[in-house]
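K.L.:
This structure is in C-alpha cells; I'll ask about it shortly.
The values are calculated or read from the model by the stated rules, or taken from the named source; none is laboratory data. What you see is a predicted model, and the numbers here were worked out from it, not measured in a lab. Note that each Cβ is placed from the backbone with ideal geometry, even for glycine, and that neighbours are counted across all protein chains shown. For the accessible areas, the whole protein counts, side chains as well, though only heavy atoms, and no ligand, DNA or RNA atoms are used. Shrake-Rupley method; radii C 1.70, N 1.55, O 1.52, S 1.80 Å.
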Amino acid sequence: MAELSASAPVAHKDYHASKMGMWLFLFTEILLFGGLFLLYATYRAKFPQAFHEGGKTLDVFLGGLNTVVLITSSLTVALSITALRRGAVVFCQTLLAFTVACAGAFMVNKVIEWSAKFHHGLIPGSEHMGQLPQGQSIFYGLYFAMTGLHGIHVVIGASVLLWVMLLIKQGKVTGQDYVVLENAGLYWHIVDLVWIYLFPLFYLIS
C-alpha cells in the first residue's frame, strides 16, 4: 500500500489554461460594455444638447470620489498579489480587505447618488421619465443601465475577493499557487477600467 501511495500521480494544474480562460471571459465582458459604449456614442451624436443638459445634473464630486476609490482599490489588489508571492499572508489579507472596503464605499456613494435621482422622480420606467424630452430620457436610461450594470460587477468582484480571502486563510491559495488571486485581480482591474470610461462619458460630458 505504501508503494501504491508513493507512486500515486500528483494533481497537475494548468495555470496557463486558467489564465487564458480568464482572459477569454474578460473579453466577453469587454464586448458587453463595448456594445453599450457604442450605443451611447450613437445617441450622444443624435442628442448632443440633451446629453449635455443631463450631464449637468450628475454629481461630479461623487463620481470623481468613486473614481479615486476604484483606482486605489486596483492598486491594493496588485499589491496583494505581490505580498502573497513574498509570503506576507497577513499583509495580503489586509490589502484585500481594504479593496473590499473600497467596493463598499463605492456602492454607498452610488446609493446616495441614485437616491437623489429617485427623489427628483428620475426612476427608470416612471411617468416623470416618460415626460422628459426624448434625448434626456435616453441619457438617463443609459446612465441607470450602464452604471447599474457596473455596480453589479462591483458587487460580484468584491464577493469573489472575499472568497479568495477565505481560500488564502484555508491555505488553498498560497505564494506558490496564487493563480486564483491573480485571476480575481484581473477581473477587478476590468471593473476599474470600465468605470474610468463611464466617469467622463456621463459626469464630465457637460
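K.L.:
Please work out which residue is farthest from the chain's Cα centre (by Cα), limiting yourself to the range 171-184 and to residues that are outside any loop (DSSP other than H, G, I, E, B) and farther than 13 Å from residue 83 by Cα. First the steps, then the outcome.
P.N.:
Step one: filter the range 171-184 for residues outside any loop (DSSP other than H, G, I, E, B), giving 179-184.
Applying the additional criterion that residues be farther than 13 Å from residue 83 by Cα yields 179-180, 183-184.
Working: 179: 19, 180: 17, 183: 13, 184: 11 Å.
The qualifying residue farthest from the chain's Cα centre (by Cα) is 179.
K.L.:
Quick one: residue 71 ticks every box in (1) β-branched (Val, Ile, Thr); (2) at pLDDT below 95; (3) loosely packed, with under 15 Cβ neighbours inside 10 Å except a single one, so which number is it?
P.N.:
(2)
K.L.:
Hey, among the residues in the range 7-34 that are outside any helix (DSSP H, G or I) and open to solvent by 100 Å² or more (accessible area, probe 1.4 Å), which one's modelled with the highest pLDDT?
P.N.:
As a first pass, look at the range 7-34 and keep what is outside any helix (DSSP H, G or I): 8-14.
So of that shortlist, the ones also open to solvent by 100 Å² or more (accessible area, probe 1.4 Å) come out as 9-10, 12-13.
On the way: 9: 44, 10: 37, 12: 55, 13: 65.
That would be 13.
K.L.:
Right, something else. Which one is nearest to residue 92 (Cα to Cα) among residues in the range 112-164 that are surrounded by 14 or more Cβ atoms within 10 Å (Cβ to Cβ) and charged (D, E, K, R)?
P.N.:
Top of the filtered list is 113.
K.L.:
Report every pair of residues separated by at least 6 positions or lying on different chains whose Cβ atoms are under 6 Å apart, first residue within the range 85-97 and closer than 13 Å to residue 173 by Cα and buried (at least 16 other Cβ atoms within 10 Å of the Cβ), second of a type in the set (S, T, N, Q) and modelled with pLDDT of 95 or more.
P.N.:
What qualifies is 92/80.
K.L.:
Looking only at the range 35-64, count how many residues are loosely packed, with under 14 Cβ neighbours inside 10 Å, closer than 26 Å to residue 108 by Cα and not aromatic (Phe, Trp, Tyr). Break it down stepwise before answering.
P.N.:
From the range 35-64, those loosely packed, with under 14 Cβ neighbours inside 10 Å are 35, 38, 41-42, 45-46, 48-49, 56, 61, 64; that's our starting set.
The next check asks that each one be closer than 26 Å to residue 108 by Cα; those that pass are 56, 61, 64.
Within this subset, residues satisfying the condition of being not aromatic (Phe, Trp, Tyr) are 56, 64.
Final tally of qualifying residues: 2.
K.L.:
Now for a different question. Filter the range 104-142 for residues that are aromatic (Phe, Trp, Tyr) and at pLDDT 95 or above and give the result. So that I can check it myself, show each step before the final result.
P.N.:
Our first condition is that a residue be aromatic (Phe, Trp, Tyr); within the range 104-142, this holds for 106, 114, 118, 139-140.
Across the range 104-142, the qualifying residue is only 106.
K.L.:
What's the number of the condition residue 79 fails, among (1) modelled with pLDDT under 95; (2) open to solvent by 30 Å² or more (accessible area, probe 1.4 Å); (3) more than 14 Å from the chain's Cα centre (by Cα)?
P.N.:
(1)
K.L.:
Here's something else I'd like to know. Based on what the data block shows, is residue 168 assigned to a helix (DSSP H, G or I) and surrounded by fewer than 17 Cβ atoms within 10 Å (Cβ to Cβ)? Let's see the steps before the verdict.
P.N.:
Details: assigned to a helix (DSSP H, G or I): yes; surrounded by fewer than 17 Cβ atoms within 10 Å (Cβ to Cβ): no.
Taking the combined requirement at face value, the residue does not satisfy it.
K.L.:
So for the range 196-204 (the condition being of a type in the set (Phe, Trp, Tyr), assigned to a helix (DSSP H, G or I) and closer than 22 Å to residue 20 by Cα), does at least one residue qualify? Outline the logic, then answer.
P.N.:
Step one: filter the range 196-204 for residues of a type in the set (Phe, Trp, Tyr), giving 197, 199, 202-203.
After this cut, where a residue has to be assigned to a helix (DSSP H, G or I) as well, the list is 197, 199, 202.
If we keep only those that are closer than 22 Å to residue 20 by Cα too, we end up with none.
No; the residues of the range 196-204 include none that is of a type in the set (Phe, Trp, Tyr), assigned to a helix (DSSP H, G or I) and closer than 22 Å to residue 20 by Cα.
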